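The values are calculated or read from the model by the stated rules, or taken from the named source; none is laboratory data. What you see is a predicted model, and the numbers here were worked out from it, not measured in a lab. Backbone-built Cβ (ideal geometry, glycine too); neighbour counts: all protein chains shown. Accessible surface areas use protein heavy atoms only, side chains included; no ligands, DNA or RNA. Shrake-Rupley method; radii C 1.70, N 1.55, O 1.52, S 1.80 Å.
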Amino acid sequence: MKMTPLLPEVATFIEAKQALRIGGRRCDTAQTLAVINPSTGRPLAEVARAGSPEIDLAVQAATRAFEGGPWGRMMPHDRGRILWRLADLIEERAPIFGQLDALDNGKPYATARDVDAHWSARHFRYFAGWPDKIEGATIPVSTPDRLNYTRIEPVGVCGLITPWNYPLLMAAWKLAPALAAGNTIVLKPSEETPLSALYLADLALEACLPEGVLNVVPGYGHDAGAALAAHKDVAKIGFTGSTRTGREIVKASAGNLKKLSLELGGKAANIIFPDADLSRAIPGAFWANFGNNGQSCTAGARLYVHADIHDQMVEGLTRLAQAISVGPGLEEPGHDLGPVISEKQMNMILGHVETSQQQGAVVQIGGARAQGEGWFIPPTLITGVEDRMTIAREEVFGPVLSILTFTDDADVLARANTSDYGLAAGLWSQDVTRVRRFADALQAGTVWVNCWGETDAASPFGGVKQSGYGREMGKDAIALYSQTKSVWVG
């Protein structure tokens, strides 16, 4: 097994104990986090662990930077220039980000470098154009001799809590609009994948972001995350993660009625109609679920296939699953998929597979841990799945695809909408009338037609029902991190 040699910067970074980044400085702590490499199951790096006292220090630093620092007085176009410079640095250091995320997340190095880092830079570039375009309005009110206008202002200190499945990209999704709107940030990355966020904080200073504007504090959700969500001086929480944790954040935020945006779980329905172009629908449905190893809230994990084409779909999906290469993120040559994030996650995923068999489903391929070290599960196809089964209702968050059948349009629409989640959905059909009807009727924040997974910094993204509320990206994201003030002049 040959591994891609570590870049000198990466080797130095993981060998040193990484401190918190607070107020532009490194803040060490007595308590630490052991970051594990999921490709080996062995410790990778040691990182300072934030608790409630460190969260308070970070919020204080962000408050000082917001209220008295240069960030609030900076001209909008200068804020944009800093974000653009940060985008350039992310792109220049894409190999470093790629190796860091390949190490602590396990995803293939080429994916982390060429997809996650590249799209993170594009995200910052898009929002770099926003600061001088955040405009209020002059309103023609009915009261005589009065001028009424609005100001769009930042909300203040924002607490951002990001997940482990896209460590750099999810941070960029939140940071770029929050900074473009003029806020200051306390970012708590997942304790399992904190490395790229810490490195990003260093790059932000290199890009001339003022000290205290971005503070990065890795820690556990029940400790650091809870303290951040409840802190009285945090004006806004942006969270991506599980629905269960989202409920806890809503409760914790009630003390000062924080502004919230929540991007939570999903159980996306992907519907294959008999008139679909199977040469596109088969690989499309495969990667809709197995992209990022199924560790995505938008994974097309409920595949509804019309009975007339069921056997063709299963045969095609099985061939793709057999051809997939699974292995460590830095192994050469590169693999299609890496490990799942942790042993706990692996056991949970395999538990879902076992339960599905007990309830009458059939494992077509996969369904067991791969031999060797690390937490690897090959692509798993399960047929004979019914809507009543646990695996059709609960989020698996792993490389497992459930295949269900249907014969009637109205029936499959009703079944697709029975989920408690509503983050994404998709359909494959050449019938324009059907496409329009289903795109309107599917209860999801995003609907993909004859494709899957497309996102863009300019296009809003978010969920309905228990998949959360608020829309990231585009002008909607600026609204998440802004508030409107009405001014009357007599």
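The set of residues in the stretch 331-344 that are part of a loop (DSSP other than H, G, I, E, B) and surrounded by fewer than 24 Cβ atoms within 10 Å (Cβ to Cβ) comprises 333, 334, 335, 336, 342.
Can you pull out the residues in the stretch 209-254 that are part of a loop (DSSP other than H, G, I, E, B), out of contact with any Asp or Glu (no Cβ under 9 Å at 6 or more places or on another chain) and either of a type in the set (D, E, K, R) or open to solvent by 50 Å² or more (accessible area, probe 1.4 Å) (or both)? Lay out the reasoning, then the answer.
Taking the stretch 209-254 first, the residues part of a loop (DSSP other than H, G, I, E, B) are 209-213, 217-220, 231-235, 241-242.
Filter once more, so that each one left must be out of contact with any Asp or Glu (no Cβ under 9 Å at 6 or more places or on another chain): 209-213, 232, 234-235.
Within the stretch 209-254, 211, 232 qualify.
crowded, with 18+ Cβ neighbours inside 10 Å and not in a helix (DSSP H, G or I): does that describe residue 160?
yes
If you go through the stretch 20-46 and keep only what is open to solvent by 10 Å² or more (accessible area, probe 1.4 Å) and of a type in the set (A, V, I, L, M), you end up with 22, 30, 34, 36, 44, 45.
Check the stretch 82-95 and report whether any residue there is of a type in the set (A, V, I, L, M), buried (at least 21 other Cβ atoms within 10 Å of the Cβ) and within 26 Å of residue 336 (Cα to Cα).
So in the stretch 82-95, the residues of a type in the set (A, V, I, L, M) come out as 82-83, 86-87, 89-90, 94.
Now drop any that are not buried (at least 21 other Cβ atoms within 10 Å of the Cβ), which leaves 82-83, 86-87, 90.
Now drop any that are not within 26 Å of residue 336 (Cα to Cα), which leaves 90.
For the stretch 82-95, residues of a type in the set (A, V, I, L, M), buried (at least 21 other Cβ atoms within 10 Å of the Cβ) and within 26 Å of residue 336 (Cα to Cα): present.
Scanning for something within 19 Å of residue 204 (Cβ to Cβ) and under 27 Å from the mean Cα position of the chain (by Cα), does the stretch 28-46 turn up at least one residue? Walk me through how you get there before you give the answer.
Start the filter on the stretch 28-46 by keeping residues that are within 19 Å of residue 204 (Cβ to Cβ), which leaves none.
So far as the stretch 28-46 goes, no, none of its residues is within 19 Å of residue 204 (Cβ to Cβ) and under 27 Å from the mean Cα position of the chain (by Cα).
Being open to solvent by less than 40 Å² (accessible area, probe 1.4 Å), at pLDDT 95 or above and among the charged types (D, E, K, R): is that true of residue 64 here? It is false that residue 64 is open to solvent by less than 40 Å² (accessible area, probe 1.4 Å), at pLDDT 95 or above and among the charged types (D, E, K, R).
Considering only the stretch 407-440, state which residues are crowded, with 19+ Cβ neighbours inside 10 Å and not in a helix (DSSP H, G or I). Before the answer, list the steps.
Applying the first criterion (crowded, with 19+ Cβ neighbours inside 10 Å) to the stretch 407-440 yields 412-413, 415-416, 419, 421-429, 438.
Of everything in the stretch 407-440, those that are crowded, with 19+ Cβ neighbours inside 10 Å and not in a helix (DSSP H, G or I) turn out to be 419, 421, 422, 423, 424, 425, 426, 427, 428, 429.
Here residue 363 meets the list (1) surrounded by fewer than 23 Cβ atoms within 10 Å (Cβ to Cβ); (2) outside any strand (DSSP E or B); (3) in contact (Cβ under 8 Å) with a residue 12 or more places away in the chain almost entirely, failing just condition (2).
So which of 378, 328 ends up being part of a loop (DSSP other than H, G, I, E, B) and either open to solvent by 40 Å² or more (accessible area, probe 1.4 Å) or without any contact (Cβ under 8 Å) to a residue 60 or more places away in the chain (or both)?
That would be 378, the only listed residue that is part of a loop (DSSP other than H, G, I, E, B) and either open to solvent by 40 Å² or more (accessible area, probe 1.4 Å) or without any contact (Cβ under 8 Å) to a residue 60 or more places away in the chain (or both).
Residues being among the β-branched types (Val, Ile, Thr), within 25 Å of residue 468 (Cα to Cα) and open to solvent by 40 Å² or more (accessible area, probe 1.4 Å) are represented in the stretch 137-157 by at least one member.
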